[in-house]
Amino acid sequence: MRILIACLLLLGWAQTAQADNTVLYTYDGSFDDATFAVEGAIVGKGLVIDYVSHTGEMLARTGADVGSSVEIFKGADIFLFCSAVISRKVMEADPMNIVHCPYSIFVIEDDNGVRIGHRTYPEGPMKMVQDLLTSIVGDAVAF
């Protein structure tokens with residue numbers, strides 16, 4: 001039942017971002033709640049988060065150093081992780097699929113609100129990764 005609800009929510013909330021290779025989902029909550037939900041959803045799939053890049057903090061901290069006062073994000077974190085099972089399958093199909101690993105899900109907050117997103121992947125074996133990311137974001141959005 002929870003999976004059905006998550007799928008229905010995703011259908012209603014999914015929207016293609018500016019770039020053709022990015023999918024964004026609106027999150028109805030705070031940035032901190034969204035990052036907590038994404039972390040929980042990744043770990044809930046039995047995956048280990050390798051790294052969290054606090055990109056928003058870096059951009060805010062270095063803006064003056066590069067001569068900019070533009071606030072790009074109010075918050076932006078990127079979660080990097082891998083799936084041993086899926087990675088093995090996609091790299092056995094084509095070893096050059098290594099270029100897509102690790103996988104990432106990002107959370108951003110800007111003037112448009114809080115959103116969770118991920119890149120899209122090529123057709124074929126990488127569809128398994130696309131499905132994994134969609135499932136993780138679905139769990140996070142329904143959290």
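Overview of values
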| item | result |
| --- | --- |
| Complete set of residues in region 80-118 that are aliphatic (A, V, I, L, M), closer than 24 Å to PHE36 by Cα and surrounded by fewer than 14 Cβ atoms within 10 Å (Cβ to Cβ) | ALA84 |
| Test: residue in region 115-136 that is under 13 Å from PHE31 (Cβ atoms) and in contact (Cβ under 8 Å) with a residue 60 or more places away in the chain | yes |
| Selection status of SER135, assigned to a strand (DSSP E or B), of a type in the set (Ser, Thr, Tyr), within 17 Å of the chain's Cα centre (by Cα) and surrounded by fewer than 21 Cβ atoms within 10 Å (Cβ to Cβ) | no |
| Criterion: outside any strand (DSSP E or B), modelled with pLDDT under 95 and of a type outside the set (A, V, I, L, M) - qualifying residue of GLU123, GLU39, GLU92, GLU57 | GLU123 |
| Selection within region 87-111 - of a type in the set (A, V, I, L, M) and within 30 Å of LYS74 (Cα to Cα) | VAL99, ILE105, VAL107, ILE108 |
| So SER53, is it surrounded by 17 or more Cβ atoms within 10 Å (Cβ to Cβ), without any contact (Cβ under 8 Å) to a residue 60 or more places away in the chain, touching a strand residue (DSSP E or B) at 6+ places or on another chain (Cβ under 8 Å) and of a type outside the set (Asp, Glu) | no |
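The values are calculated or read from the model by the stated rules, or taken from the named source; none is laboratory data. Just so you know, these numbers come straight off a predicted model, no measurement behind them. For neighbour counting, all protein chains shown are included, and Cβ atoms are generated from backbone atoms with ideal geometry for every residue, glycine included.
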